[in-house]
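Trainee: First the structure, which I've put down as structure tokens, then a few questions once you've had a look.
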Amino acid sequence: MHPLEHKIPPPLVALACAALVYGLSVWLPSLTLDWPGRSLCAAVVALAGLACDAAGIWAFRRHRTTVNPLSPGKASAVVQDGIYRVTRNPMYVGMALLLTAWAIWLGQPLGVLALALFVAYITRFQIQPEERALQAKFGADYTGYMARVRRWL
């Protein structure tokens, strides 16, 4: 097990990436893109992100399983309904959408780098270890779920 696995809460990773986007907008203001509808687009993407987060949390609560991403071994169920029929990680998708909305709001095209960093970090140090823990706990039920539903989208 790598020392970074399940160590940094995913919302903190997202906030660090959001700070990077902000820093890029401050350090490279000449790259800022201002276009009509930018604010509306950012709001729509942010709402989609919040909806993904809320749907994921709601499904976990309905199934009475933990939402704590640092303790996947405490999961009591493999949630496969609702938004979990579309993505195995709706809360991470939601965070990625919120990060995208932030980059759009700031008009920072290099925000895509922070988004890529978020996706890479979360995949390697959060999702893959979660998958191993859930496979160990739920066996074929989780393996079948992984075969049917994509990790991200």
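The values are calculated or read from the model by the stated rules, or taken from the named source; none is laboratory data. Keep in mind that what you see is a predicted model, and the values were worked out from it rather than measured. Using ideal geometry, Cβ is built from the backbone for each residue, glycine included, and neighbour counts are taken over all protein chains shown. Ligands, DNA and RNA are stripped out before the accessible areas are found, and what is left, the full protein with its side chains, is counted by its heavy atoms. Shrake-Rupley method; radii C 1.70, N 1.55, O 1.52, S 1.80 Å.
Trainee: By how many degrees, between 0 and 90 and to the nearest 10, does the Cα long axis of helix 111-122 differ from the longest principal axis of the chain?
Mentor: With both axes taken from Cα atoms, the answer is about 20 degrees.
Trainee: Additional query: Helix 90-106 sits at what angle to the longest principal axis of the chain, using alpha carbons and giving 0 to 90 degrees rounded to 10?
Mentor: Long axis of 90-106 versus the principal axis of the chain: about 0 degrees.
Trainee: Which sequence of Ile8, Ile122 reflects their accessible areas, 1.4 Å probe, from the largest down?
Mentor: Accessible-area ranking of Ile8, Ile122, largest first: Ile8, Ile122.
Trainee: If you build a Gaussian network model of the chain, linking Cα atoms that sit under 10 Å apart, which residue out of Pro109, Pro11, Pro36 swings the most?
Mentor: Pro36
Trainee: Probe 1.4 Å, all protein chains in place: accessible area of Tyr22 in Å², nearest 10?
Mentor: My reading of the accessible area for Tyr22 is about 120 Å².
Trainee: Got the relative contact order for region 57-134 handy, in percent, Cα pairs under 8 Å and 6 or more residues apart?
Mentor: Relative contact order, region 57-134: 28 percent.
Trainee: Kindly sort Arg64, Arg85, Arg124, Arg132 by accessible area of their heavy atoms, largest first, with the probe set to 1.4 Å.
Mentor: Of Arg64, Arg85, Arg124, Arg132, the descending order of accessible area is Arg64, Arg85, Arg132, Arg124.
Trainee: Using a 1.4 angstrom probe with every protein chain in place, what is the largest-first accessible-area order of Trp27, Trp152, Trp102?
Mentor: I get Trp27, Trp102, Trp152, largest accessible area first.
Trainee: So what is log10(I(q)/I(0)) for region 26-93 at q = 0.15, 0.22, 0.23 1/Å, when the Debye sum runs over its Cα atoms only?
Mentor: -0.61, -0.90, -0.96
Trainee: Here is a further query. Gln135 versus Arg85, label points 7 Å from Cα toward the beta carbon: distance in nm?
Mentor: Inter-label distance under the simple model: 2.6 nm.
Trainee: Considering the convex hull of the alpha carbon atoms of region 3-121, report its projected area averaged over all viewing directions, in nm², one decimal.
Mentor: About 7.9 nm², averaged over all directions.
Trainee: Could you calculate the contour length gain from Ser71 to Trp35, that is, 0.36 nm times the residue separation minus the distance between their Cα atoms, to one decimal place in nm?
Mentor: Here the answer is 8.7 nm.
Trainee: May I ask for the angle, rounded to the nearest 10°, between helix 128-138 and the longest principal axis of the chain, with both axes built from Cα atoms and the value confined to 0 to 90°?
Mentor: For 128-138 against the chain, the angle is about 20 degrees.
Trainee: Could you work out the helix-only [θ] at 222 nm for the chain, with each DSSP H run of four or more residues adding -39,500 (n - 2.57) and the total divided by the number of residues, to the nearest 500 deg cm²/dmol?
Mentor: -20000 deg cm²/dmol
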